[in-house]
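Here's the structure, in structure tokens; my notes come after.
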Amino acid sequence: MKLVHDPIHGGIELDEFAVKLVDTPEFQKLRRITQLGLAFLVYPSARHTRFEHSLGTYHLARLVSTRNPEIEEGVVYAALLHDLGHYPFSHTLEALYPKHEENTRWLIKHGGIGDILEENFSLREFEGLLKNPLVSGDIDADRMDYLVRDAYYTGVAYGIVDLERLVRNLCWDGKRLILLEKGIMAGQNLLLARSMMYPTVYQHHTARIAGTMLVKAVELEGIPLEEIRFMDEVDLVAGLRMSEKPEVRELIKAIDERKLYKHVFLSGEDPGEEAIEELRLELEAEFGHLVLVDYPPKPKFEERNAFVLVEGEVKRLSDVSPLVRALANVGESYWRWGVYAREDVKEEVQDALEKLL
């Protein structure tokens with residue numbers, strides 16, 4: 001056993017096999033990938049990484065598995081590696097590249113970490129473990145860790161979750177995790193935390209602007225998937241700063257100096273992806289990289305679909321909790337898409353938008 005000290009969970013014990021996985025270059029790279037992307041421009045202490053989050057997810061999966069010995073042993077290692085495929089700045093660059101889950105599977109098949117996994121598992125078997133509800137479900141170890149960890153490092157007061165009660169009341173029935181009746185309040189609290197964290201942290205307007213600028217810089221630089229999947233944030237930022245393209249250097253310099261683009265337009269009404277793309281092309285034809293259109297994915301709030309056991313009957317959490325139904329609807333109302341522009345062209349972009357919209 002190796003003991004890792006963690007501010008969220010206290011001591012995290014890694015067994016011998018987990019240590020071998022952690023010591024691989026693929027996993028160590030997660031030390032240099034921030035959990036919340038560019039949110040540190042808003043919350044300066046939000047510099048925590050996918051590395052410690054992965055350890056925390058492993059720890060929680062291990063606690064739940066200990067109470068449910070029927071869960072396959074390898075699930076805890078799947079929890080450890082679930083974020084292996086994240087690109088620099090986490091979800092930010094998924095606007096350009098395949099989702100990190102797909103990249104995780106690629107790295108396991110083609111990276112050196114796969115050789116270690118094959119000491120105990122077939123890679124096909126392990127890929128199935130990544131889909132286990134404890135790793136990727138409605139109430140899973142991943143979500144339980146990141147909500148509490150993100151709240152801690154940003155300093156906001158919304159990510160308070162009763163992890164102990166959740167762990168004690170999650171039961172495995174052979175194919176799914178079921179939350180016992182005593183844990184329903186904690187399950188509601190998990191959704192409450194995420195619905196509050198969504199507008200406050202995960203979709204903070206300043207972080208969205210900075211992220212959209214970074215996406216544009218990477219798009220203009222034309223970094224292929226074969227390169228970005230092996231990069232950390234040091235590699236990416238250094239490369240963009242040394243780009244041969246002046247517009248790329250301009251964008252990354254603006255992010256470095258926090259001289260970000262300004263809001264020109266924000267809306268909660270969804271015109272559809274086709275209309276957004278048409279608008280993007282029109283604006284780029286006139287203003288180039290000086291104007292950006294941000295069309296983020298809508299939140300899903302999967303917690304509402306969690307299975308709960310009430311009076312001997314398995315139901316969905318949203319079916320037994322009016323609060324959960326209300327929270328999910330409120331959370332969706334926070335979604336916005338926007339148009340951002342460099343400050344010196346903001347008025348011109350506003351005039352163009354009035355004609356286009």
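Of note:
- Identity of the residue in the range 264-308, among the small types (Gly, Ala, Ser) and in a helix (DSSP H, G or I), that ends up nearest to residue 217 (Cα to Cα): 288
- Single unsatisfied condition, residue 353 versus (1) of a type outside the set (D, E, K, R); (2) part of a helix (DSSP H, G or I); (3) over 20 Å from residue 197 (Cα atoms); (4) within 23 Å of the chain's Cα centre (by Cα): (4)
- Candidates 166, 190, 134, filtered to the one that is under 23 Å from residue 304 (Cα atoms) and free of Cβ contacts under 8 Å to residues at least 60 places away in the same chain: 166
- Filter result for residue 73 (open to solvent by 70 Å² or more (accessible area, probe 1.4 Å), farther than 18 Å from residue 144 by Cβ and not in a helix (DSSP H, G or I)): yes
Condition check ((1) in contact (Cβ under 8 Å) with a residue 24 or more places away in the chain; (2) in contact with a helix residue (DSSP H, G or I) (Cβ under 9 Å, 6 or more places away or on another chain)) across all residues:
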site: 253; (1), (2): no, yes
site: 257; (1), (2): no, no
site: 261; (1), (2): yes, yes
site: 274; (1), (2): no, no
site: 277; (1), (2): no, no
site: 282; (1), (2): yes, yes
site: 285; (1), (2): no, no
site: 292; (1), (2): yes, yes
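- Residue 286 at positive phi and either open to solvent by 80 Å² or more (accessible area, probe 1.4 Å) or touching a Ser or Thr at 6+ places or on another chain (Cβ under 6 Å) (or both): no
- Top-ranked residue of the range 76-96 - restricted to ones that are open to solvent by 10 Å² or more (accessible area, probe 1.4 Å) and either touching an Asp or Glu at 6+ places or on another chain (Cβ under 7 Å) or outside any helix (DSSP H, G or I) (or both), ranked as farthest from residue 112 (Cα to Cα): 96
- Of residues in the range 214-229 being over 20 Å from residue 247 (Cα atoms) and free of Cβ contacts under 8 Å to residues at least 12 places away in the same chain, the one least open to solvent (accessible area, probe 1.4 Å): 227
- Qualifying residues in the range 113-135 (those that are out of contact with any helix residue (DSSP H, G or I) (no Cβ under 7 Å at 6 or more places or on another chain), open to solvent by 30 Å² or more (accessible area, probe 1.4 Å) and not acidic (Asp, Glu)) - the one nearest to residue 59 (Cα to Cα): 133
- Residues being touching a strand residue (DSSP E or B) at 6+ places or on another chain (Cβ under 8 Å) and within 20 Å of residue 60 (Cα to Cα) - total across the range 19-47: 5
- Scanning the range 299-322 for residues that are buried (at least 16 other Cβ atoms within 10 Å of the Cβ) and of a type outside the set (Phe, Trp, Tyr) yields 299, 302, 303, 304, 305, 306, 308, 309, 317, 318, 320, 321.
- The range 1-43: number of residues that are touching a residue at least 60 places away in the same chain (Cβ under 8 Å), closer than 12 Å to residue 86 by Cα and open to solvent by less than 50 Å² (accessible area, probe 1.4 Å): 8
- Taking the range 168-220 as the range and being outside any helix (DSSP H, G or I) and hydrophobic (A, V, I, L, M, F, W, C) as the test, the residues that pass are 170, 171, 172, 177, 178, 179, 180.
The values are calculated or read from the model by the stated rules, or taken from the named source; none is laboratory data. No experiment lies behind these values; they were computed from the predicted model shown. FYI the Cβ positions are ideal-geometry reconstructions off the backbone, even for glycines, and counts take in every protein chain you see. All accessible areas refer to the heavy atoms of the entire protein, side chains included, with ligands and DNA or RNA removed. Shrake-Rupley method; radii C 1.70, N 1.55, O 1.52, S 1.80 Å.
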